[in-house]
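Before I ask anything, let me first share the structure, which is written out below as structure tokens.
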Amino acid sequence: MTAEHYKTCARRTRLGGLAATLALLELVQILGGPRGEWLRYARGPILHGEWWRLVSGHLVHFDPMHAVMNMAGLVLLWLLFVADARPRQWAIVALVSAVTISLSLWIRHPEVEWYLGLSGVLHGVWAAACIHAFTRWRLEAFVSAALLVAKLLLEPRLGALSTALLGGGLHVVVVAHLYGALGGLLAAVVARFVPEL
């Protein structure tokens, strides 16, 4: 197998994985009901034993615009960084980010009655991608990390960059972006020291 053929196969595999991920997210969105109400993070139902919402809430969206914005972020991160780690490592990053966000909201922000969307997890993937990218190209990793830190520092003061595009009463819980980034950072650092992951 030539190097060019290998690169072509790898590209197709990455794009196939992206298409499968987007299709799965769309299926979960349909199953989640209107505005994700059957699967979103919601304190009341979680108190009554619906623990899966701690993870499933990150897979459903408020409306099509919310979903499109999150999918665009996923596509961008996928195209830039998917080759920097194995699929299992990215899955661990996403899961750790989701759980970190949900537990942080549960413990530190009881005023947040409900939450949904992939943006917090995407910030976790972004943070982990910065760590992984240092092994490939330090400048790209540094610029990406600087953009992420700037975004996380500005959002509490200025609000989410996407707020103007979202309507219908959706309030962006910007602190979820910070918790997601911390979860992704933790997962990436652990993965660096535990190669079996």
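Could you check the spin-label model distance between Leu103 and Glu50? Points 7 Å from the Cα along Cα→Cβ, value in nm.
Between Leu103 and Glu50, the simple spin-label model gives 2.3 nm.
Phe142 versus Arg157, label points 7 Å from Cα toward the beta carbon: distance in nm?
Taking the two extended label points, one gets 2.4 nm.
For the stretch 92-162, what does the relative contact order come out to in percent, with C-alpha contacts under 8 Å and a separation of six or more?
Values: 33 pairs, mean separation 18.6, N = 71.
26 percent.
Among Met71, Met65, rank each residue by its count of other Cβ atoms within 10 Å, from fewest to most, as a rough exposure measure.
Listed from fewest to most nearby Cβ atoms, that is Met65, Met71.
Something else: Counting only C-alpha contacts under 8 Å and six or more residues apart, can you give the relative contact order of the stretch 32-145 as a whole percent? Before the final figure, lay out the partial values.
On the way: 130 pairs, mean separation 36.7, N = 114.
The normalised contact order for the stretch 32-145 reaches 32 percent.
Just report the Cα centroid separation between the stretch 28-95 and the stretch 127-142, whole Å.
The stretch 28-95 and the stretch 127-142 have Cα centres spaced 24 Å from each other.
By how many nm would the segment from Val149 to Arg86 lengthen if fully extended, with 0.36 nm per residue of separation less the alpha-carbon distance? If you can, show how the numbers build up before the last one.
Details: separation 63, 0.36 × 63 = 22.68 nm, distance 2.47 nm.
Difference between extended and current length: 20.2 nm.
Order by neighbour count: Tyr41, Tyr179, fewest other Cβ atoms within 10 Å first, most last. Walk me through the numbers before you get to the answer.
Working: Tyr41 29, Tyr179 24.
The fewest-first ordering by Cβ neighbours comes to Tyr179, Tyr41.
How would Thr135, Thr21 line up from fewest to most surrounding beta-carbon atoms within 10 angstrom? Please report the intermediate quantities before stating the final value.
On the way: Thr135 11, Thr21 18.
In order of increasing Cβ crowding within 10 Å: Thr135, Thr21.
A short reminder: the numbers here are calculations on the coordinates, not readings from a lab. Bear in mind the structure is a predicted one, so any value in this text is a computation, not a measurement. Glycine also receives a Cβ, built like all others from the backbone with ideal geometry; neighbour counts cover every protein chain displayed.
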